[in-house]
Amino acid sequence: MRFASFFLLFASALCAQNLQPPRWSADAANAWYAKQPWLVGSNYIPADAINELEMWQAATFDAKRIDKELGWGEKIGMNTMRVFLQDQLWKQDPEGFKKRLDTFLAIASKHHIRPLLVLFDSCWDPNPQLGPQRAPTPGVHNSGWVQSPGAKELTDESYYPALADYVKGIVGAFANDQRILGWDIWNEPDNRNDSSYHDPANKKELVLALLPRAFAWAREAKATQPLTSGIWHEDPATPDQLSPMAKEQLELSDVISFHTYDPPDKFEAEVKWLETYHRPLICTEYMARPRGSTFETILPIAKKYKVAAINWGFVAGKSQTYLPWDSWQKPYVNGRVPAVWFHDIFRANGKPYQPAETAFIKKITAVRPVPAGS
């Protein structure tokens, strides 16, 4: 009896373990990446949306605008976009949300673009609200972007089943969809937004505990695309001093992703450090012109090492990310304008901010679309 009980317990544990696919091996990740072209794109939100909610809610989802703007990306050789989702969209209207995401993927595929979809985000406003979104604050960078989950939901463990339902629902619905490049589980999970908002005092601890669960939910949904979460403030000169969050991100991710708005020498140093993990590398945020992070300085390095390069952002609109971060302290109003745009490539009418810049992007990408079915 004792042996039989032990056997049943062992068998049950084994079955439970088999329900969740494991993290990809380095060999599997590299084999997947070998089939991809050099990936270049932007963090994308339409010009007429201030945040993820306005982009995706039924009343403001603008397929025609998205089609037009992704066409601009295709023309300069972009073959991916990083696109943010939001948990409250699932709670509000799961079937409608899936339908709109399917429409978006059809538009992206038409333009040979395979997006990296972001599930959770710790940046900016911690109090997201469904419904009509507020107007942009004049002269302020990304004044309406919202977190997912919000502070109220993050600090309420009884809401976590709804978060699990969101991840399993949206990933499960598109788990085998080859129009999707991958799933970015959590954007900048330990970002405290100290210069713009007040987050819960224990936010880092809460997210650190929730991050592995979010990865597990996506794996339970049997995603065939790779999972990742990008590190964003680690020093490649001190790799033995990783933050607890970065350790989790690196250990959980199938492919390694990272953010850096540093000049090219520091970008290259970070790439060389992250290469020691022997997994594909995706830079999911870069490009801040006044900081020396530009297309002309970063893309040649990314191409040399075959690092996927996804800049922030794409088109100047309600997000106002052509304005610098310090606009939160000193808004660009009353005739005050930045010397150069901080982020973004195109004006809302499709004209490039710097024609020479878009010509450079087109040249270095050689306008190669992603092969179908890769």
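The values are calculated or read from the model by the stated rules, or taken from the named source; none is laboratory data. Here the structure is a predicted model, which means the values were calculated and not measured. Ideal geometry is used to build each Cβ from the backbone, glycine not excepted, and the neighbour counts take in all protein chains shown.
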Just name the residue that is surrounded by the fewest Cβ atoms within 10 Å (Cβ to Cβ) out of those in the stretch 92-137 that are part of a helix (DSSP H, G or I) and of a type in the set (A, V, I, L, M, F, W, C).
Ala106
Reported set for the stretch 327-348 where residues are more than 12 Å from Pro46 (Cα to Cα) and surrounded by 15 or more Cβ atoms within 10 Å (Cβ to Cβ) is Ser327, Trp328, Pro331, Tyr332, Pro338, Trp341, Phe342, His343, Ile345
Which listed residue is over 24 Å from Val83 (Cβ atoms) and in contact with a helix residue (DSSP H, G or I) (Cβ under 7 Å, 6 or more places away or on another chain), from Pro290, Pro280, Pro244:
Pro244
Kindly indicate which of Lys152, Lys222, Lys168, Lys203 is modelled with pLDDT of 95 or more, under 23 Å from Asn30 (Cα atoms), of a type in the set (D, E, K, R) and in contact with a helix residue (DSSP H, G or I) (Cβ under 9 Å, 6 or more places away or on another chain).
Lys222
Output the residue which, of all residues in the stretch 41-78 that are among the polar types (S, T, N, Q) and buried (at least 22 other Cβ atoms within 10 Å of the Cβ), is nearest to Phe104 (Cα to Cα).
Gln57
Considering only the stretch 299-315, how many residues are hydrophobic (A, V, I, L, M, F, W, C), closer than 14 Å to Thr365 by Cβ and surrounded by fewer than 24 Cβ atoms within 10 Å (Cβ to Cβ)?
1
Just checking, which of Tyr353, Tyr332, Tyr305 is of a type in the set (Ser, Thr, Tyr) and under 23 Å from Asp184 (Cβ atoms)?
Tyr305
In contact with a strand residue (DSSP E or B) (Cβ under 8 Å, 6 or more places away or on another chain), in a strand (DSSP E or B) and modelled with pLDDT of 95 or more: does that describe Gly73?
no
